[in-house]
Amino acid sequence: MKAFIVMGRTLKGAYEEFFLVVGLSLVFWAGTLLVITAPMTWAGVNYVGNRIANYRRAGFDFFWDGAKQFIGRGALLWLLVIVAPPVMVGSVNFYLTNGGWMIVPGFITLWLLVSSLLAGQYFYPLFWQQTEPTLGLVLRNSFLLVVRHPLYSLLMLLFQLALVTLSVVLVVPVLLLLPGLLVLSHNFALVGLLQEMDLAPKPPEMSGT
């Protein structure tokens, strides 16, 4: 199944770019903890991850390139990723605990929450994969991918949750590897789908290069 192949590519990419992944993870934590630099940090880290997933040259110089581009739109995307899930979780809890007819909007909001979690793995990759990284196109295309490939999206999300669980259990990888692994997983997940549509480069072993 395609999802398991992409999982393997993610781990292979992390192995081949191990020191870069560790560096990106440390930068991610440092930039996120400062809060004000978080949007630029997330954009820069994902730009590097997107280059790796597309089998292009990657390095810390590209982190700075990504961090400096589209600062306004990057900040809006970061706020959406950070704020939307807690708001929806609170709404689901409110509706379902009140019972009665409010169960209906509660389940609708729950469905939107699950859909958002599935689509969220494509947000940042699409931000860099698209020619015009507008927030509207990122959201629309992310949800379209989930609708068209629900099982694939679910399996990739479960893979990412497994990475989080394993990293927490082992403690050290949370700091050194987890952010970089998740970024790679998100970008390989998107590129894997785009390869099926001939919208992204094939892996070297498949293209014969």
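Just so it is clear, none of the values below were taken in a lab; they were calculated from the coordinates. Computed from a prediction, not measured in an experiment: that's the story for all the values here. Using ideal geometry, Cβ is built from the backbone for each residue, glycine included, and neighbour counts are taken over all protein chains shown.
What number, rounded to the nearest 500 deg cm²/dmol, is the helix-based mean residue ellipticity at 222 nm of the chain, given -39500 (n - 2.57) per DSSP H run of at least four residues and division by all its residues?
Counting only the DSSP helices, I get -27500 deg cm²/dmol.
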The chain: relative contact order from alpha carbon pairs under 8 Å, six or more residues apart, as a whole percent, is 31 percent
Figure the gain on full extension for Phe4 and Thr134 (residue separation times 0.36 nm, minus the Cα-Cα span) and round it to one decimal in nm. 43.8 nm
In segment 1-67, the trypsin sites (Lys or Arg not before Pro) that fall in loop regions by DSSP, at most 13 other Cβ within 10 Å: Arg56, Arg57
Placing +1 on each Lys and Arg Cβ and -1 on each Asp and Glu Cβ in the chain, then taking the dipole about the Cα centre, the residue among Leu163, Tyr55, Thr32 whose Cα reaches farthest towards the positive end is Tyr55
So for R0 = 22 Å, FRET eff. of Trp101-Phe143 from the Cβ-Cβ r, to 0.05, ends up at 0.25
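Where does the charge balance sit around Glu17 when Lys and Arg score +1, Asp and Glu -1, over other residues with C-beta under 15 Å from its C-beta?
Neighbour charge sum, excluding Glu17 itself: +3.
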From the phi of every residue in segment 78-86, what ³J(HN,Hα) in whole Hz does the Karplus formula 6.51 cos²θ - 1.76 cosθ + 1.60 yield, where θ is phi - 60° and glycine or proline is x? 4, 4, 4, 5, 7, 8, 4, x, x
Can you compute the FRET efficiency between Leu154 and Ile36 using 1/(1 + (r/R0)^6), with r the Cβ-Cβ distance and R0 = 45 Å? Round to the nearest 0.05. 0.85
Run down the aspartates and glutamates and flag those whose C-alpha is under 20 Å from the C-alpha of Lys68, throwing out any fewer than 8 positions away in its chain. Glu132
Just to check I understand the Karplus step: with θ = phi - 60° and J = 6.51 cos²θ - 1.76 cosθ + 1.60, what whole-Hz values come out for segment 183-199, glycine and proline as x? 4, 4, 4, 4, 6, 5, 4, 5, 4, x, 5, 5, 5, 5, 9, 6, 10
Net charge of neighbours whose Cβ lies under 14 Å from the Cβ of Glu196, counting Lys and Arg as +1 and Asp and Glu as -1: +3
Using a simple spin-label model with points 7 Å from Cα along the Cα→Cβ vector, what separation in nm is obtained for Ala84 and Leu170? 3.1 nm
Short version: ³J(HN,Hα) in whole Hz for each residue of segment 6-21, in order, from phi by Karplus 6.51 cos²θ - 1.76 cosθ + 1.60 (θ = phi - 60°), x for Gly and Pro, what are they? 5, 4, x, 5, 4, 5, 5, x, 5, 5, 5, 10, 4, 5, 5, 4
